[in-house]
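No value in this document is a laboratory result; all are computed from the given coordinates. Treat the numbers as computed from the prediction; the structure is a model and nothing was measured. When we count neighbours, we look across all protein chains shown, and the Cβ atoms used for this are built from the backbone with ideal geometry, even at glycine.
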Amino acid sequence: MTLLEFFSQLFARRPAASESGRGLAAAEVMSQHAERLMRMKGVMSVSVGTTDDGEPAIIVGLDDPRAASVADIPESIDGVPVVHHRIGRADVQD
């Protein structure tokens, strides 16, 4: 999956603010924990999206989901599910 495909899927599945306060709660939890998550080895991005079931979730983009550091990422934070996606490393282009 390319970075463009990842973000296209992420934003296509993003819950509408009018659906419920759950999406807002997920955003608040993500903002409280984003800095800590971003410091973890292998984490490339942190955002809000949904699970495959449409439930609001914290989306963690990883350079390699098979890395040992994935075990350090919780399955949920403050009751909000955490979903891992492999996005790969960003390369600087000339």
Taking 34-40, 48-54, 58-64 and ranking on average Cβ neighbours within 10 Å, highest first, one gets 58-64, 48-54, 34-40
Residues whose built amide H sits under 5 Å from the amide H of ALA57, excluding neighbours closer than 5 in sequence, are GLY49, THR50, THR51
